[in-house]
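To keep things clear, I will list the structure first and then write my remarks on it.
A short reminder: the numbers here are calculations on the coordinates, not readings from a lab. Every value quoted in this text rests on a predicted model; they were computed, and no experiment measured them. So basically every Cβ, Gly included, is an ideal-geometry build from the backbone, and we count neighbours across all protein chains shown.
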Amino acid sequence: MSAARLRELLHSCGHDWPAELAAFPVLDSTNDELRERVRGGSASTWLAVTAERQTAGRGRRGHGWSSPLGNLYLSVLAPMPALPDARPLVPLVAGLAVAEALLEFGVEARLKWPNDLLCGGRKLAGISAEASFGGGVPEAIVLGIGVNVRVNPLGDLATSMLERTGEGRDPIEVAAAVLTHVRDRHRELEAGACEPALDAWRARSVDWWGRPVEVTSGGQALRGLAVGVDGGGALILELPDGRRETVLAGEARELRLGGS
Ligand code: BTN
């Protein structure tokens, strides 16, 4: 992937990208490269780093992220929105933006809270969102985005854009679409339009509302019925005793009838 080509594609989508675009054939992890640049003082917000493959890709909660050639690995340093209410929505809205970008390629993904993208119940893309402080950059968020463009690295648990459409797209095209939508949705949050973003997220979410789920958060597993997502992006659960609990961050999975 060439940074100059990515800039050109972004320009043709109406975005003169406001920061450096760095493209590598191989990295340990695009997130690590981006953080290294923040620490070294050479990063500005909207810096984006891509790699054609990663040797130590990282998923959420200490998991690895399998990163063969053919998929998209992208990290971008998004500014922290000025409006406090908008801040917790950045991870959700990043997922929404990726889902919207994939629609341009004929791929209809659903969002599983907080920001996994699923097709037919299988994982198509994952997003991590980590706060970034220091390095002379104002408080920002490192968004790490992995999309299975051509390769499904996990068999039955996952899928790829190629499997869904029969078309093998170039990850650079997907990168341009993803960055365009991330920037547009982020602008909306910065303008304080939280509800439209949340409504759009809800409209693209998996259809598990009213069904039993398990949420792991802070080392604790909670089971209950998934009720919805509140105005701060937290998942609302109805516990077996009828109480409602909101979960700010964690991992959720649907509990299938007869399963565990
Ligand atoms: C998840 O679903 O667990 C989040 C996966 C995030 C993977 C991406 S790939 C680009 C960036 N670099 C990494 O090492 N991780 C993120």
Output for the stretch 1-115 (equivalent-ellipsoid semi-axes, sqrt of 5λ from the C-alpha gyration tensor, Å, descending) is 20, 19, 18
From the convex hull of the Cα coordinates of the chain, what is the mean projected area in square nanometres? 13.6
Using a 10 Å cut-off on Cβ atoms, rank the peptides 12-20, 27-35, 190-198 from the highest mean neighbour count down. 27-35, 190-198, 12-20
Distance in Å, no decimals, from the C-alpha centre of the stretch 102-128 to the one of the stretch 30-50 is 25
Pairs of alpha carbons in the stretch 104-226 whose separation is greater than 17 Å (percent): 67
